[in-house]
């Protein structure tokens, strides 16, 4: 009897436990629930460290693709006219040596477009050469044309030391000093958009360029000189560039490309020139994705997986009278390069339509392994990682965060270095590199 009772008691206990387990989801292993708890713990610790973020906060800090924070209708393309800038004598000496009057200087460059930088930039007319025609400088961003400056406007000279400043009427050849008003643009809302300049002839001359002719950077009528020294009266953090222009495309033109010369500076960057070869423009744009693998919920160094994704497109452009009339992409290639691994968990990456091979987690290695991919959309950041973790080797899916969400993937420009192991990113750091 005792044995049976004991057996009954034991059996009853086992039966009660089994019944309880079958009716309580809390005691069943649920990988989806475990992943949710893990991510919730990560989110709570992230918010504790960094605070909450605005609902529209984006974790894409790249500058190579236009984000259009504002609508095109609200973007101010017009320059802000600034103070007088006095051109250093060293700059004039360098210019006169580089673009010698009457010498064919076309070999110093190629036709070019540019990309809008992720910062303000300033344009200053610093030199007028021997030219009898009248013209205006225009900037084209996307399809928007903006007038910047008219010949001799806001540019003055001194014939000798101690003389008063006088308005320029014809040219600044051989004068003692030059100063000009500055024109500053803030187009950071459309950083990454293409742009170019042209001179529009407003009063032609017989035997030279006709009125309304446009001499453009697209067709070799301008040079972008990036080897110019930075003037001491421009702060060290600024990049500088000089653009020289020819005002007539004729057999008799001297091609000295100094009929008017502009200084461009920006902190930290000027608009970056892109060569045009045989009417083709190669666009190479890269995003660096820095990924947390959830190996730890209090580790925010974002160096477990670092991958650079690049899109290389070739665009055919058609021009007429110095402006773009048609654009057509004729080639589109994509690649991914695993730059760094700093986690212990095995993972696989899907970028666009391409699933990369599963990789083992490794600490502090730089594989630099390259893969051809397709289907990556840099606007939507369609990249995600599957990471095997935990005692049950369940798979965690890590996607690019939506706006305002806690991130496990962030996007930065490829010049941004990844963090050292266990060195956390900070919100100030991210804001400092963010558009």
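Report the residue count in the range 94-113 for those that are free of Cβ contacts under 8 Å to residues at least 12 places away in the same chain and in contact with a strand residue (DSSP E or B) (Cβ under 7 Å, 6 or more places away or on another chain). Please lay out each step first, then the result.
First, pick out the residues of the range 94-113 that are free of Cβ contacts under 8 Å to residues at least 12 places away in the same chain: 96-97, 107.
Within this subset, residues satisfying the condition of being in contact with a strand residue (DSSP E or B) (Cβ under 7 Å, 6 or more places away or on another chain) are none.
The total comes to 0.
Which one is nearest to residue 408 (Cα to Cα) among residues in the range 364-381 that are crowded, with 16+ Cβ neighbours inside 10 Å and touching a residue at least 40 places away in the same chain (Cβ under 8 Å)? Reasoning before the result, please.
So in the range 364-381, the residues crowded, with 16+ Cβ neighbours inside 10 Å come out as 371, 373, 376, 378, 381.
Then drop every residue that is not touching a residue at least 40 places away in the same chain (Cβ under 8 Å), which leaves 373, 376, 378, 381.
Numbers: 373: 22, 376: 19, 378: 17, 381: 13 Å.
Selected residue: 381.
Taking the range 310-340 as the region of interest, how many residues are outside any strand (DSSP E or B) and out of contact with any helix residue (DSSP H, G or I) (no Cβ under 7 Å at 6 or more places or on another chain)? I'd like the intermediate steps shown before the answer.
So the first thing to find is which residues in the range 310-340 are outside any strand (DSSP E or B), and the list is 321-322.
Right, trim to out of contact with any helix residue (DSSP H, G or I) (no Cβ under 7 Å at 6 or more places or on another chain) and you get 321.
Total meeting the criteria: 1.
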When you go through 142, 102, 90, 132 one by one, which is the residue that is more than 24 Å from residue 229 (Cα to Cα), loosely packed, with under 14 Cβ neighbours inside 10 Å and assigned by TED's automatic domain parsing to the domain that holds residue 239? 132
Would you mind telling me which numbered condition in (1) assigned to a loop (DSSP other than H, G, I, E, B); (2) crowded, with 18+ Cβ neighbours inside 10 Å residue 201 fails? (1)
Residues satisfying the stated conditions in the range 218-256, i.e. touching a helix residue (DSSP H, G or I) at 6+ places or on another chain (Cβ under 8 Å), under 23 Å from residue 79 (Cβ atoms) and not in a strand (DSSP E or B): 228, 231
Looking at the range 356-363, is at least one residue within 21 Å of the chain's Cα centre (by Cα), closer than 20 Å to residue 294 by Cα and touching a residue at least 24 places away in the same chain (Cβ under 8 Å)? no
Give the residues of the range 182-198 that are surrounded by 18 or more Cβ atoms within 10 Å (Cβ to Cβ), out of contact with any helix residue (DSSP H, G or I) (no Cβ under 9 Å at 6 or more places or on another chain) and at pLDDT 95 or above, sorted by residue number. 182, 183, 185, 195
Just one of (1) within 26 Å of the chain's Cα centre (by Cα); (2) in a strand (DSSP E or B) trips up residue 118, so point out which. (2)
For the range 71-108, give me each residue that is closer than 24 Å to residue 191 by Cβ and not in a strand (DSSP E or B). 71, 72, 73, 74, 75, 76, 77, 78, 79
Search result, residues across the range 368-380 that are assigned to a loop (DSSP other than H, G, I, E, B) and at pLDDT 95 or above: 368, 374, 375, 376
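Check whether at least one residue in the range 382-399 is part of a loop (DSSP other than H, G, I, E, B), touching a strand residue (DSSP E or B) at 6+ places or on another chain (Cβ under 6 Å) and surrounded by 15 or more Cβ atoms within 10 Å (Cβ to Cβ), and report yes or no. Give the steps one after another, and end with the answer.
Keep residues of the range 382-399 that are part of a loop (DSSP other than H, G, I, E, B), which gives 382, 390-393.
Next cut, touching a strand residue (DSSP E or B) at 6+ places or on another chain (Cβ under 6 Å) only: none.
The answer is no, given that none of the residues of the range 382-399 is part of a loop (DSSP other than H, G, I, E, B), touching a strand residue (DSSP E or B) at 6+ places or on another chain (Cβ under 6 Å) and surrounded by 15 or more Cβ atoms within 10 Å (Cβ to Cβ).
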Of the conditions (1) at positive phi; (2) touching a residue at least 40 places away in the same chain (Cβ under 8 Å), the single one that residue 273 does not satisfy is (1)
I'd like to know if the range 421-434 contains one or more residues that are part of a loop (DSSP other than H, G, I, E, B), buried (at least 17 other Cβ atoms within 10 Å of the Cβ), assigned by TED's automatic domain parsing to the domain that holds residue 341 and touching a strand residue (DSSP E or B) at 6+ places or on another chain (Cβ under 6 Å). no
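Among the residues of the range 268-298, count how many are in a strand (DSSP E or B) and either out of contact with any strand residue (DSSP E or B) (no Cβ under 8 Å at 6 or more places or on another chain) or closer than 29 Å to residue 48 by Cβ (or both). Lay out the reasoning, then the answer.
Initially, the range 268-298 is screened for residues in a strand (DSSP E or B), giving 272-277, 280-291.
In the following step, the residues that additionally are either out of contact with any strand residue (DSSP E or B) (no Cβ under 8 Å at 6 or more places or on another chain) or closer than 29 Å to residue 48 by Cβ (or both) were identified as 277, 287-291.
Of the residues in the range 268-298, 6 are in a strand (DSSP E or B) and either out of contact with any strand residue (DSSP E or B) (no Cβ under 8 Å at 6 or more places or on another chain) or closer than 29 Å to residue 48 by Cβ (or both).
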Here is a list: 206, 217. Which entry is modelled with pLDDT under 90 and closer than 21 Å to residue 250 by Cα? 206
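Looking at 168, 116, which one is buried (at least 17 other Cβ atoms within 10 Å of the Cβ), more than 30 Å from residue 379 (Cα to Cα) and in contact (Cβ under 8 Å) with a residue 24 or more places away in the chain?
Working: 116 fails: more than 30 Å from residue 379 (Cα to Cα).
Exactly one residue qualifies, and that residue is 168.
The values are calculated or read from the model by the stated rules, or taken from the named source; none is laboratory data. Keep in mind that this is a model prediction, so the values were computed, not measured. For neighbour counting, all protein chains shown are included, and Cβ atoms are generated from backbone atoms with ideal geometry for every residue, glycine included.
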